[in-house]
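Colleague: Okay, handing you the structure first.
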There are 2 protein chains.
Amino acid sequence: MSTISTIGFDADDTLWESEVFFGEVEKKFSDLINSYGVEADIGKELYETEKRNLPKLGYGVKSFTISMVESAHHLTQGNISSGDMIEIVQWGKELLHHPVKLLSGVLDVMSELQSRFTIYVITKGDPFHQQQKFNDSGLSTFVTDIEILQEKDNEAYRKILASIGVAPEQFLMVGNSIRSDILPVIEIGSHAVHIPHETTWQYETEHAGTSGDTYTILESIRGLPEFLASFDS
Amino acid sequence: MSTISTIGFDADDTLWESEVFFGEVEKKFSDLINSYGVEADIGKELYETEKRNLPKLGYGVKSFTISMVESAHHLTQGNISSGDMIEIVQWGKELLHHPVKLLSGVLDVMSELQSRFTIYVITKGDPFHQQQKFNDSGLSTFVTDIEILQEKDNEAYRKILASIGVAPEQFLMVGNSIRSDILPVIEIGSHAVHIPHETTWQYETEHAGTSGDTYTILESIRGLPEFLASFDS
C-alpha cells in the first residue's frame, strides 16, 4: 500500500503546454518594438513590468496583456501607434484561445493512476481561462476537482488539504515550478515531484530553497507510476 | 423558527460601492475620447465592446481595462496617442485600489443576522480583486466563506448549495442584480431579495424574467431582518 492517497497536478506546463505560447507572443512583441528602433532589453523590461504588476493584477493572460501595453509605451517612449497597441492586445486575447495541447504521457499516466489515487488539478492564474482549458483538456474524467488559486503558497496548500480532509504526508504535488509546486508543498510536510519543462516562466524559477529541501525530479510524467510504486509502506 | 438557514450576499453594489467607481472612470474615458473630436456614442461603444469581450475575458477590472483600450482605438480611428492609452490603463489599475466603502446598514445587518444564519458572500468577477476587497471589508468575521464565481447562473448556485449541504428552500440570496442574484436563484427553488442600487451596471439589468417569478424588493439592506422575521414557520 502506498502512503500517498492524493495527487495534485499543476496544470500549465505540467499537464499542457502554456509558456511556449507566451514565448511566441513575446517574440512578436519584441520584433514589433524593435521596429521602432528600440535598443533596450525588451524581454527584461517586459518581465520587470510583469513582476511589478503581479501584486496588483495577479497571474494570467489579461495581466500579461496589460503589462505588454505598458511596456510598449515605455519602450517606445510613447511613440507606438494606436494600431500597434491594438495588435498587442489582440495577441494577448489570442493566448486565451490556443487549443489545449496535452504534454506527452499525461493521458496514459492519468488513466493509470486514477483508480488508485484521488487526483486534483491545482493551478493558479486567471480562473476563467484555467477553467476553460481544464474543460477543453478532456481530463475531467480522471480528476476529482480543479482548484484555481491566486497564489500557490504554504497557506493555500494547507487550506486545500484541510478542506478535502487529507493529511500532508498523504499528499503528493507534481509540477514544473520549484517556486509554486515544490517548495511550499515540502514545507508543509507533503511530497513533491518536480518535472521540469523546457520552457518555464522565469518568475517560477526564481526561488529561495533551503538546503534541507528534498524532492524528486522526474524527466517526464511517464516516470510517475514507478515513483509511486516506490512509496510502498 | 425561520425556514431560511443560509443567506448569500452579492458583493459589488450590495455590500459595497463598485459601479460608481467604474462610472467615474467611464466619465474620464468619455472626456478623453471627446477631446479627439469623436462624435459617436462613446458609452454605447464601450458597453458593446465589454459585452463582446465577456465570453472571452470574463468580468472584472482587467477585462474592463482591455475593453477601454480597444474602444479608444476604434473610437478615435487609431488616432489616440500612446500616452493617452497608458492613462486609460492607469485608470483601470486605479479601480483595483479604491478603498472598500460599505453601503449604509451593511455592518449593522450583518452583525444582527450572523448569530441566526449562516452567511456567505457570493460574487463574480476577478477573484484576485474580489478577495482583496473582501479582506479589506472587515466583513469576514460575519461570513462563513466567500464564493467567487465565473458566472452566477442556475448551475453555479446549485453547485454551491450542494457543496455546503443546504436545500434550495433554505437558501436566500440578496443582491442588486436581477440577472445574477435573483432570477437564477428563484429558478432553482430558493428565495431572493432584490435591493436595487442607484448605479447598477447596464448588463445586469438586461434579463428575461418570466411572469411567474416572485421575489421581494427592499429599498435597503436595513429591511432584511424584518423580512426574515416574516419567514416564521
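Colleague: Tally the residues that are acidic (Asp, Glu) and assigned to a strand (DSSP E or B), restricting the search to the range B:109-148.
Modeller: Step one: filter the range B:109-148 for residues acidic (Asp, Glu), giving B:112, B:126, B:136, B:145, B:147.
If we keep only those that are assigned to a strand (DSSP E or B) as well, we get B:145, B:147.
Here the count works out to 2.
Colleague: If we keep just the residues of the range B:175-195 that are touching a helix residue (DSSP H, G or I) at 6+ places or on another chain (Cβ under 7 Å) and assigned to a strand (DSSP E or B), which is surrounded by the most Cβ atoms within 10 Å (Cβ to Cβ)?
Modeller: Here the answer is B:175.
Colleague: Going through A:90, A:114, A:131 one at a time, which residue ends up being surrounded by fewer than 18 Cβ atoms within 10 Å (Cβ to Cβ), outside the structural domain of residue A:159 (by TED's automatic domain parsing) and not acidic (Asp, Glu)?
Modeller: Working: A:114 fails: outside the structural domain of residue A:159 (by TED's automatic domain parsing); A:131 fails: outside the structural domain of residue A:159 (by TED's automatic domain parsing).
Within the list A:90, A:114, A:131, the selection yields A:90.
Colleague: Also, I was wondering about something else. If I filter the range A:139-147 for residues that are at positive phi, at pLDDT 95 or above and surrounded by fewer than 19 Cβ atoms within 10 Å (Cβ to Cβ), do I get at least one hit?
Modeller: The initial filter retains those residues of the range A:139-147 that are at positive phi, namely none.
The answer is no, given that none of the residues of the range A:139-147 is at positive phi, at pLDDT 95 or above and surrounded by fewer than 19 Cβ atoms within 10 Å (Cβ to Cβ).
Colleague: Can I ask one more? Return the total of residues in the range B:77-90 being under 25 Å from residue B:60 (Cβ atoms) and touching a Ser or Thr at 6+ places or on another chain (Cβ under 8 Å).
Modeller: The total comes to 5.
Colleague: Considering only residues that are charged (D, E, K, R) and more than 14 Å from chain B (Cβ to nearest Cβ), which ones fall in the range A:154-187? Outline the logic, then answer.
Modeller: Going residue by residue through the range A:154-187, those that are charged (D, E, K, R) are A:155, A:158-159, A:169, A:179, A:181, A:187.
Correct list: A:158, A:169, A:179, A:181, A:187.
Colleague: It is to be established whether one or more residues within the range B:31-43 are closer than 24 Å to residue A:59 by Cβ and out of contact with any Cys (no Cβ under 6 Å at 6 or more places or on another chain).
Modeller: From the range B:31-43, those closer than 24 Å to residue A:59 by Cβ are none; that's our starting set.
Scanning the range B:31-43, I find no residue that is closer than 24 Å to residue A:59 by Cβ and out of contact with any Cys (no Cβ under 6 Å at 6 or more places or on another chain), so the answer is no.
Colleague: Let me ask something additional. Is there any pair linking a residue in the range A:107-134 that is away from chain B (no Cβ under 14 Å) to one that is in a helix (DSSP H, G or I) and modelled with pLDDT of 90 or more, with Cβ under 6 Å and at least six apart or on different chains, and which?
Modeller: A:109/A:221; A:109/A:224; A:110/A:142; A:112/A:225; A:114/A:142; A:119/A:142
Colleague: Identify the residue in the range A:76-93 that is under 22 Å from residue B:49 (Cβ atoms) and touching a residue at least 40 places away in the same chain (Cβ under 8 Å) and, among all such residues, is farthest from the other protein chains (Cβ to nearest Cβ).
Modeller: Quick first cut of the range A:76-93, residues under 22 Å from residue B:49 (Cβ atoms) only: A:80-93.
The next check asks that each one be touching a residue at least 40 places away in the same chain (Cβ under 8 Å); those that pass are A:80, A:84, A:87-88, A:91-92.
Values: A:80: 5, A:84: 9, A:87: 10, A:88: 9, A:91: 12, A:92: 8 Å.
It comes out as A:91.
Colleague: Of A:67, A:82, A:104, which residue is over 30 Å from residue A:32 (Cα atoms) and hydroxyl-bearing (Ser, Thr, Tyr)?
Modeller: On the way: A:67 fails: over 30 Å from residue A:32 (Cα atoms); A:82 fails: over 30 Å from residue A:32 (Cα atoms).
Exactly one residue qualifies, and that residue is A:104.
Colleague: Tell me, which residue of the range B:34-75 that is surrounded by fewer than 16 Cβ atoms within 10 Å (Cβ to Cβ) and of a type in the set (S, T, N, Q) is nearest to the other protein chains (Cβ to nearest Cβ)?
Modeller: Selected residue: B:35.
Colleague: State all residues of the range A:12-47 that are under 21 Å from the mean Cα position of the chain (by Cα) and more than 17 Å from residue A:202 (Cα to Cα); if no residue qualifies, say none. Spell out the reasoning first.
Modeller: Step one: filter the range A:12-47 for residues under 21 Å from the mean Cα position of the chain (by Cα), giving A:12-27, A:43-44, A:46-47.
Scanning the range A:12-47 gives A:15, A:16.
Colleague: Output the residues belonging to the range B:151-174 that are over 23 Å from residue A:127 (Cα atoms) and outside any helix (DSSP H, G or I). Before you say what the answer is, go through the steps one by one.
Modeller: As a first pass, look at the range B:151-174 and keep what is over 23 Å from residue A:127 (Cα atoms): B:165-174.
Matches in the range B:151-174: B:165, B:166, B:167, B:171, B:172, B:173, B:174.
The values are calculated or read from the model by the stated rules, or taken from the named source; none is laboratory data. Because the structure is a prediction, the values reported are computed rather than measured. Using ideal geometry, Cβ is built from the backbone for each residue, glycine included, and neighbour counts are taken over all protein chains shown.
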